[in-house]
Amino acid sequence: MTLRILVVGAGIAGLAAARALRLAGFRPDVVEELPASMLPGAGIYLPGNASRALRQLGLDAPLRPLGDLIFRQAFLDSRGRELFEMDVAALWAGVGESRALSRADLQQVLLTGVGGEVRYDTAVRDLEIFDHAAKVEFADGRVAEYDLVVGADGRRSTIRSKAGLGGAATPTGQIVYRSVVTGGPPLSDWTALLGRRSSFVAMPMGGRKLYFHADETAPDAPNPDDPLARVRELFDGFGGPAPAILKAIEKVQVARTDEVVLDAWSRGPVVLVGDAAHATAPTLAQGAAMSFEDAVVLGDELRKAADDVPAALRAYEDRRRPRCAEMRDRTRERDRTRDVPPALRDPMLRRRGLRIFSDHYRLLVQPA
């Protein structure tokens, strides 16, 4: 059966979904409200299950030369003293490599896998759902009908709202800072320093660059007017590689994080994937991985039941919801642990940190 499919959103989730649908034998249209010139900034860390899903999407080969492989995670206290370390190569053995790279490079790999044109500067103005189809009105006035609409338009999803699947995302109370650092200290491991309700993370991402990611729990504070100054203030006095990295940082992106928790991910011929369906704080670096896995499972279920789209969408949600809910719970647990006062947290992590933190990923070793 030939399905008319629209994927809304050409970020990580949308491009992965489009690739999976192509592999399943469909030819989706892909639209993105932003211009093509809006390339994603900063970097991204892909754990082993993300690499496995990319392999299932046939995109592992173009990814291989990019970024830097991560074999070990080192957790330090704010002074730079070791709390514990995690052998991520062993954790993900037989699953996939862990890698840090530029988001723009990952975006380019995903674009090459779409197999068709992405229509940029194309926003969805309205969505009307019928029994077996959806009518989409675009911002330019054009109207088209589809057998399936995939909402991959992120935490603030237009499709989620217009399909009546949920309202606004819920703030987590975290502020996140990101940067790509050139000229920083040599770093071979993913390295985190844990402060008081804050964390400072850096990792090699290839090309003699570091990906810097930090956050603080500050539910009532406004976003800082000068993110770079705030980062330097927040982590002043930290040890280990922090001073050299802070000195080398030139520009910082800042954002608040939020969660998306829904009663249902689909309505009729409309389905949500990625952050539009189940966004969490980025603590476990599972946002991209969950999006890739969503894509693989959605393609698989539609391949099996293309003649009954609602049934395929229910099967997709049944397979994905428990795993994504588990990741949301483990993310919250990790954040609660991080926010324990250091005088209590640090001795506990020295004794049991490896077991506690590695257990967060145990479920993900199994395929989606």
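Neighbour counts of other Cβ atoms within 10 Å put L110, L76 in the fewest-to-most order L76, L110. Across the stretch 184-193, computed HN-Hα scalar couplings (Karplus, 6.51 cos²θ - 1.76 cosθ + 1.60, θ = phi - 60°) run x, x, x, 9, 9, 10, 5, 10, 10, 10 Hz from first to last residue, x flagging Gly and Pro.
Each residue in I129, I5 was given a count of other beta-carbon atoms within 10 angstrom of its own, and listing them fewest first yields I129, I5.
Counting neighbouring beta carbons within 10 Å and listing from fewest to most, the residues M38, M86, M205 come out as M38, M86, M205. Restricting the stretch 250-318 to GluC sites (Glu not before Pro) that sit in a DSSP loop and have at most 14 other Cβ atoms within 10 Å of their own Cβ leaves E250. For the stretch 346-354, putting each phi into the Karplus relation 6.51 cos²θ - 1.76 cosθ + 1.60 with θ = phi - 60° gives couplings of 5, x, 5, 5, 5, 7, 10, x, 4 Hz, in residue order, rounded to whole numbers and with x for Gly and Pro.
The slack between M348 and R156, meaning 0.36 nm per residue of separation minus the straight C-alpha distance, is 65.4 nm. For the chain, a crude dipole built from +1 on the beta carbon of Lys and Arg and -1 on the beta carbon of Asp and Glu, taken about the Cα centre, is about 1000 debye to the nearest 20. Protection proxy ranking for 184-192, 101-109, using the average of other Cβ atoms within 10 Å per residue and placing the highest first: 101-109, 184-192.
Please identify every one of the GluC sites (Glu not before Pro) in the stretch 78-182 that sits in a loop by DSSP and has no more than 13 other beta carbons within 10 Å of its own beta carbon. Display every interim value, and only then the final one.
Working: sites: E82, E85, E97, E117, E128, E137, E145; in loops: E97, E117.
Those satisfying the criteria are E117.
Of the residues F26, F212, F292, the one that moves most in a GNM of the chain with alpha-carbon contacts below 10 Å is F26. If a spin label sat at a point 7 angstrom from the Cα of R336 along the line to its beta carbon, the backbone N atoms of the stretch 231-264 nearer than 19 Å would be those of 258-261.
Among the trypsin sites (Lys or Arg not before Pro) within the stretch 199-243, those in coil by DSSP and having at most 15 neighbouring Cβ atoms inside 10 Å are R208.
The string of couplings for the stretch 10-15 from the Karplus curve (6.51, -1.76, 1.60, θ = phi - 60°) is 10, x, 4, 5, x, 5 Hz, one whole number per residue in order, with x for Gly and Pro. What does a probe at L262 reach in the stretch 105-136, counting residues whose amide N is under 20 Å from the point 7 Å along Cα→Cβ? Those under the cut-off are 123-136.
What FRET efficiency comes out for I129 versus R64 if R0 is 41 angstrom and r is the Cβ-Cβ distance? Round to the nearest 0.05.
For I129 and R64, the calculated efficiency is 0.50.
In this structure, the amide hydrogen of V252, modeled 1.01 Å from its nitrogen in the peptide plane, lies closer than 5 angstrom to those of L228, counting only residues at least 5 positions away or on a different chain.
FYI, it's all coordinate maths here, none of it is from the lab. None of the values given here were measured: they were computed from a predicted structure. Please note: Cβ atoms are built from the backbone with ideal geometry, for glycine as well, and neighbour counts cover all protein chains shown.
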